[in-house]
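K.L.:
One structure is given below, represented as structure tokens, and several questions about it will come after.
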Amino acid sequence: MNQNDYKNKLSSFYGTHNRMPTYTEMMGLFGFKSKNAVSRLVEKLIDANIVARTHLGGSYLRLHLAKYRS
């Protein structure tokens, strides 16, 4: 999967649930076997400006949707 695929899965989850998935939910969403793998992906998505940590910090994330709207 590439970063666009991950972004699309996160966008779809957010559209359905009106919230970002937990790390455990992301494990299932992306087919990962550990939260560590999710954590490493999240850091890459933050670096790519696809997601960002919220003002609450920790594992609270928000999706940068404006970047992808036409």
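K.L.:
Got a sec to turn the phi values of region 27-40 into Karplus ³J(HN,Hα) couplings, 6.51 cos²θ - 1.76 cosθ + 1.60 with θ = phi - 60°, whole Hz, x for Gly and Pro?
P.N.:
Values, residue by residue: 4, x, 4, 9, x, 8, 9, 8, 5, 4, 5, 5, 4, 5 Hz.
K.L.:
What FRET efficiency do you get for Ile46 and His17 if R0 is 25 Å and r is their Cβ-Cβ distance, rounded to the nearest 0.05?
P.N.:
According to the calculation, E is roughly 0.75.
K.L.:
Quick one: which residues, 5 or more positions from Val51 or on another chain, have an amide H under 5 Å from its amide H? H modelled 1.01 Å from N in the peptide plane, none for Pro or chain starts.
P.N.:
Here the answer is Ile46, His64, since their amide H atoms fall under 5 Å of that of Val51.
K.L.:
Taking amide H positions as placed in the peptide plane 1.01 Å from N, state which residues far from Leu61 in sequence (5 or more) or on other chains have amide H under 5 Å from it.
P.N.:
Thr54
K.L.:
I've got another one for you. For region 13-59, what size does the Cα cloud have along each of its three principal axes, sorted from largest down, in whole Å?
P.N.:
If we take the Cα atoms of region 13-59, the spans are 28, 24, 18 Å.
K.L.:
What nm distance separates the two modelled labels at Asn8 and Lys35, each placed 7 Å from Cα along Cα→Cβ?
P.N.:
2.9
Computed from the coordinates by the stated procedures, all read-outs in this text should not be read as laboratory data. Remember, predicted model here, so these are calculated numbers, not experimental data. Reconstructed Cβ throughout: ideal geometry from the backbone, glycine too, with neighbour counts over all protein chains shown.
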